[in-house]
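Chemist: Got a structure here, written out as structure tokens. Questions coming.
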């Protein structure tokens, strides 16, 4: 039995999700977090790890994420991926954050 994955359940229609975009392979949903006016998650519909996403699918996911960022955040946006515990990755299903809608400030450091 597969472990529970909220993103897989949204893709399957078993849980609610605000879908912004989808095609045969990719889905973009609104993040439940509201730290910025635009907080979206772009991912493959098929469950992949973050490493698999970047090794095999980032071209398509990145193209979709960049286009949605351009459309919704004309002043600029960020694409971010978190890897592992220290990188603050909270979901195993690989995804790219699309952040924008306001000045995002400087990087921490």
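FYI, it's all coordinate maths here, none of it is from the lab. Note that this is a predicted model, so its numbers are computed, not measured. Cβ atoms come from the backbone with ideal geometry, glycine included; neighbour counts cover every protein chain shown.
Chemist: So between residue 23 and residue 91, what do we pick up on full extension, going 0.36 nm a residue minus the alpha carbon distance?
Modeler: Gain in length upon complete extension: 22.3 nm.
Chemist: What ranking do 46-53, 90-97 get when scored by the average of other Cβ atoms within 10 Å per residue, highest first?
Modeler: So the order, starting with the most tightly packed, is 90-97, 46-53.
Chemist: Work out, in µm²/s and without decimals, the Stokes-Einstein translational diffusion coefficient of the chain at 10 °C, 1.306 mPa s, Rh from Kirkwood over C-alpha pairs.
Modeler: The diffusion coefficient I find is 111 µm²/s.
Chemist: Still on this structure, I have one more. Specify the angular offset, from 0 to 90 degrees and rounded to the nearest 10, of the alpha carbon long axis of helix 58-72 from the longest principal axis of the alpha carbons in the chain.
Modeler: Taking the Cα atoms of the chain, the angle to 58-72 is about 50 degrees.
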